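Reading through the structure tokens given below for one structure.
Taken together, the values in this text are just the output of simple stated rules run on the coordinates, not laboratory data. Keep in mind that this is a model prediction, so the values were computed, not measured. Cβ sites come from the backbone with ideal geometry, for glycine too, and all protein chains shown count toward neighbours.
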Ligand code: BV8
Ligand code: ZN
């Protein structure tokens, strides 16, 4: 592709005042959401084609859903693992990784489970994955402590291979179509035998589950503690960049107001002005509208 730099979409005076503040900032946070990976080809959640539009969120991203139908939930996550592995980090992932290497007091809080920030070389000690990762797996048995990180096997087990047409079998559409087929009962639904789902190698009877935080689950305590230590009361925070997120999911979204309470100025990078909740965050000091993949490298340059 031609390397001609696309014309800047950042208003020059905003860019200047932001970069002036950034250069003087020592303690900086970034809160990342699905919009950051949109340009890498991964669907967001709420937008058009978003995962919560094409799937029933509560039907898939909860412990109850896994208890009820682990095969369906694993198909959903196996499909997302497959898509995330096909995707590549975009210039915004790299620009944030570079900033993390350069600025000692910079900490990234990511809601994304797609593994793209780690693949962009983002220093691990400066990247807190609030909602886990598609590539971590752990035992679903409460007492078993088995966990595995960086499991990139695709499909994770043969039974979870993606259908050849790359179609996602867990969309509401696909499930309705199957239900309709079953209605004329000459279709045997490819029910997945639980024994063919990922099994725990340690406790022998637990099913492995995706190492993501589901709705109703606590965020990883180590992550919460690390962030609490970093945000210890007395230290001022100079800036929080809120990148590609509708900031509706808590406690992740709460970090914006916490940062503001410690003096942080707020820079919002989002494709869509209206999508931002009219929360405290909205009174951002800077609002850069457009594709994060284009804006982030520009404002961090
Ligand atoms: C907990 C992993 C309790 C799994 C995820 C009522 C009120 C308040 C809270 C609640 C409530 N009811 C329930 C709750 C709690 C719940 C919650 O917040 N629900 C919301 C929906 C109201 N939270 C929880 O359940 C959390 N746990 O509360 O535990 C507890 C406490 C103590 C003890 C025990 C239990 C756990 C939440 C974690 C859920 N897991 N992910 C998976 O991925 O499958 S959440 C998932 O959805 C993401 O991680 C992310 O957090 C969220 C999606 O948000 P975004 O990333 O922002 O994506 P979205 O599509 O919404 O927005 C994209 C944005 O980008 C848009 O603004 C768009 O304009 C913009 N954009 C698009 N393209 C671009 C772009 N911007 C720039 N460039 C582009 N190209
Ligand atoms: Zn186990």
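The figures follow:
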{"read-out": "Computed P(r) (all Cα pairs; the stretch 60-159; 5 Å bins; percent)", "value": "2, 12, 19, 22, 18, 12, 9, 5, 1, 0"}
{"read-out": "Helical contribution to [θ] at 222 nm, DSSP H n ≥ 4, -39,500 (n - 2.57), averaged over the chain, rounded to 500", "value": "-9500 deg cm²/dmol"}
{"read-out": "Alpha carbon Rg of the chain, scaled by the compact-globule rule 2.2 N^0.38 Å", "value": "1.07"}
{"read-out": "Angle between the chain longest axis and helix 221-230 axis [Cα atoms, degrees, rounded to 10]", "value": "0 degrees"}
{"read-out": "Highest to lowest packing among 63-74, 139-150, 241-252, scored as the average C-beta count within 10 Å", "value": "241-252, 63-74, 139-150"}
{"read-out": "Degrees between helix 12-24 axis and first principal axis of the chain (Cα, 0 to 90, nearest 10)", "value": "90 degrees"}
{"read-out": "Net length gained if the chain between residue 9 and residue 161 were fully extended (0.36 nm per residue, minus Cα distance)", "value": "50.6 nm"}
{"read-out": "Most mobile of 152, 77, 255 in a GNM of the chain (Cα contacts under 10 Å)", "value": "152"}
{"read-out": "For the stretch 1-85: relative contact order, % (alpha-carbon pairs under 8 angstrom, 6 or more apart)", "value": "12 percent"}
{"read-out": "Relative contact order (%) - the chain, alpha-carbon pairs under 8 angstrom, separation at least six", "value": "26 percent"}
{"read-out": "Extension gain (nm, one decimal) between residue 98 and residue 248, 0.36 nm per residue minus Cα-Cα", "value": "51.2 nm"}
{"read-out": "Cα-based helix-to-principal-axis angle, 172-183 vs the chain, degrees rounded to 10", "value": "10 degrees"}
{"read-out": "Size-normalised alpha-carbon gyration radius of the stretch 94-147, reference 2.2 N^0.38 Å", "value": "1.34"}
